[in-house]
Amino acid sequence: MADIMKEVMSHIPPGKVSEANFEASNIVLYTKDREFFLDNSGMIKRIVDDIKKRVELRPDPSITMDMEKAEAQIRKLIPEEAGIDHVIFDPQRSRVIIEADKPGLAIGKQGSILRDIRSKTLWVPHIMRKPAIRSKIIENIRAVLYEHSDYRRRFLDKVGHRIYDGWKREKREEWVRLTYLGGARQVGRSSLLLQTPESRILLDCGINVADESAPYPYLEVPEFNIQELDAVILSHSHIDHSGFIPYLYKFGYRGPVYCTPPTRDVSALLALDYVKIQRGDNKDPIYSTDDIKEMVKHTITLDYDEVADVTPDVRITLYNAGHILGSAMVHMHVGNGLHNVLYGADMKYGKTMLLDPAVTRFPRLETLTLEATYGGKDNVLPPRHADVPVFIDGIVWDITAIHTAYPEYLNTNVRKLIFHKDQNPFLNPIFKRVGSSKERKQIIEETGPCVIIATSGMLVGGPSVEYLKHLAGNSKNSLVFVNYLGEGSLGRRIQRGEKEFNMGSTARPDMMAVNLEVHTVQGFTGHSGRNQLMNFVKNCEPRPKKIIINHGENSRCLDLASSIHKTFRIETNAPRNLETIRLK
Ligand SMILES: [Zn+2]
């Protein structure tokens, strides 16, 4: 038994606990003693205060109420106005997930209804908000987790043992190293390997969809060994950060991926879409939907500001990055105070219509990695401005649905609109979903002035390319780019002014003339502009001692690194791919 478990058990009278497990870094105790489960006079709370880890007491599965009866009881206890939808039991872990339109009403005053459910059914209730727009992907992900609940229980226990069973590598001296496997002096295929005396951790593992000659991170470097990998930490769902993770599972990785819940859902969706697009282009997908399912099965979600041990010598906290829904900066506390590094990933230090700006306060901080997507001197972003129908096509709709499932990740204004005024902006009637190629054809041929929002934003596949083929020839149409365009992508080439493209093959050419107006609106990006990046560094508390610039084109990385050094007198570095930086 791990020492920490012995420590916990030493505080509990013998015979009270029937089983003790890890759920990753949390400790879960099961009891067959009904009275002890309902009232342990603060014993569990004192243990938590003492060992500074999460400890949860649950009823042993053998004493929980029969599921059918329990569901009837739950529906009786919760008032109708709460709008109960699905009630899903996790019998392995004695938990019941209750979906409600109004979670507050289901929880009751100071949790009174939850307490009633616990005492009457001996199940541990978790209330979840029912999304305003049903999301197929969220339902599928929940189904996968439910179906593999037995496996999950064993997997989470194994992860806990890795964290708490002690060191398995020989500790020689104190050091921390960061190796760039991708995303250095480039945008695309972000992936960093963090090595400490006891840990091998991958920070992101993305695909550069704009560059067919070098799309994947350098996993073949001698430092990287998939057998030794302890954990993957995913900052956010964009494909240039998440897209290659299913490939790790294809090659046998069975450890955890840590990220926020929205990041898990959107990453799975984007990976499935990536496979679909590859198939559509008559290519062999690099991984299958089964590999994506493995990724989902092994994902451990953390909310912002939740502290979690991931190995014996690395403790992480995810902080809001303000970039997209669920996006995080990853704070890593290494070796009990040896070094603190913040992987800044993609972040926006400025409030947007949807999200709060990136966090700048951290408990401790020595090294910061900072993006330079818009880090050049001339990358000053314009302010944003404000009835035609808006057609939403491709996975944009699914992603909109996922936003409605996680309003707590949106900024205060939007949250207020959703929670208190029933004015959910995502349900505005100007948005119209495009569901079939027939509807697509109708929009192209019959609809007058309108806005079409479609993926992919770089024009590297998906419905956006289909629309382009039909709309490109007419000079009355406009194409508006609002996102970063990867070097080599069709989007970037059109933006640069190329007018003719072969959309077919060499053998069967299919020429497309680009006559439509091309605009670029910089202000919509989820990245920080130059001034925001400089302000982020200025307001970072504590001020880091070293800043590593990544995720930007060559000149922008160098420009930002030199400006930060001159302005703040902080050591900066703009490494290239395959370079390793010793942090300690
Ligand atoms: Zn991103």
Checklist entry - Is it the case that residue 325 is buried (at least 20 other Cβ atoms within 10 Å of the Cβ) and away from the ligand (no atom under 16 Å from the Cβ)? => result no
Item to check | Selection status of residue 499, under 18 Å from residue 560 (Cα atoms) and of a type in the set (Lys, Arg) | outcome: no
Next on the checklist: Any residue that is surrounded by 15 or more Cβ atoms within 10 Å (Cβ to Cβ) and farther than 27 Å from residue 351 by Cβ - is there at least one of those in region 527-543?
Outcome noted: no
Next on the checklist: I'm trying to understand the selection: among the residues of region 210-261, which are within 13 Å of the ligand (Cβ to nearest atom) and more than 17 Å from residue 193 (Cα to Cα)?
Outcome noted: 237, 238, 239
Item to check | Criterion violated by residue 306 - all others in (1) buried (at least 24 other Cβ atoms within 10 Å of the Cβ); (2) more than 16 Å from the ligand (Cβ to nearest atom) satisfied | outcome: (1)
Next on the checklist: Exactly one condition in (1) in the same structural domain as residue 551 (by TED's automatic domain parsing); (2) over 30 Å from residue 315 (Cβ atoms); (3) modelled with pLDDT of 90 or more is false for residue 353; which is it?
Outcome noted: (3)
Checklist outcome for this item: By residue number, the members of region 337-350 that are more than 14 Å from the ligand (Cβ to nearest atom) and either more than 19 Å from residue 582 (Cβ to Cβ) or not assigned by TED's automatic domain parsing to the domain that holds residue 256 (or both) are 349, 350
Checklist entry - Quick one: which of 170, 147 is surrounded by fewer than 15 Cβ atoms within 10 Å (Cβ to Cβ) and within 30 Å of residue 290 (Cβ to Cβ)? => result 147
Checklist outcome for this item: The residue that is farthest from residue 316 (Cα to Cα), considering only those in region 262-274 that are away from the ligand (no atom under 14 Å from the Cβ) and of a type outside the set (Phe, Trp, Tyr), is 273
Checklist entry - How many residues are closer than 17 Å to residue 373 by Cβ and over 25 Å from the mean Cα position of the chain (by Cα) if we restrict to region 537-561? => result 7
Item to check | Entirely in region 371-476, the helices (runs of 4 or more DSSP H) that have 2 or more residues that are of a type in the set (Lys, Arg) and within 25 Å of residue 265 (Cβ to Cβ) | outcome: 412-420
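In the set 202, 122, 194, which member is closer than 27 Å to residue 272 by Cα and buried (at least 19 other Cβ atoms within 10 Å of the Cβ)?
202
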Checklist entry - If we only count strands (runs of 3 or more DSSP E) wholly inside region 1-120, which ones have 1 or more residues that are farther than 30 Å from residue 166 by Cα? => result 84-90, 95-100
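Residues are listed down the side, and each one gets a yes or a no for (1) at pLDDT below 95; (2) surrounded by fewer than 23 Cβ atoms within 10 Å (Cβ to Cβ); (3) in contact with a Ser or Thr (Cβ under 7 Å, 6 or more places away or on another chain):
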position: 241; (1), (2), (3): no, no, yes
position: 247; (1), (2), (3): no, yes, no
position: 263; (1), (2), (3): no, no, yes
position: 281; (1), (2), (3): yes, yes, no
position: 288; (1), (2), (3): no, yes, no
position: 293; (1), (2), (3): no, yes, no
position: 319; (1), (2), (3): no, yes, no
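The values are calculated or read from the model by the stated rules, or taken from the named source; none is laboratory data. In this text the structure is predicted, and so the values were computed from the model without any measurement. Cβ coordinates were reconstructed from backbone atoms using ideal geometry, including for glycine residues, and neighbour counts include every protein chain displayed.
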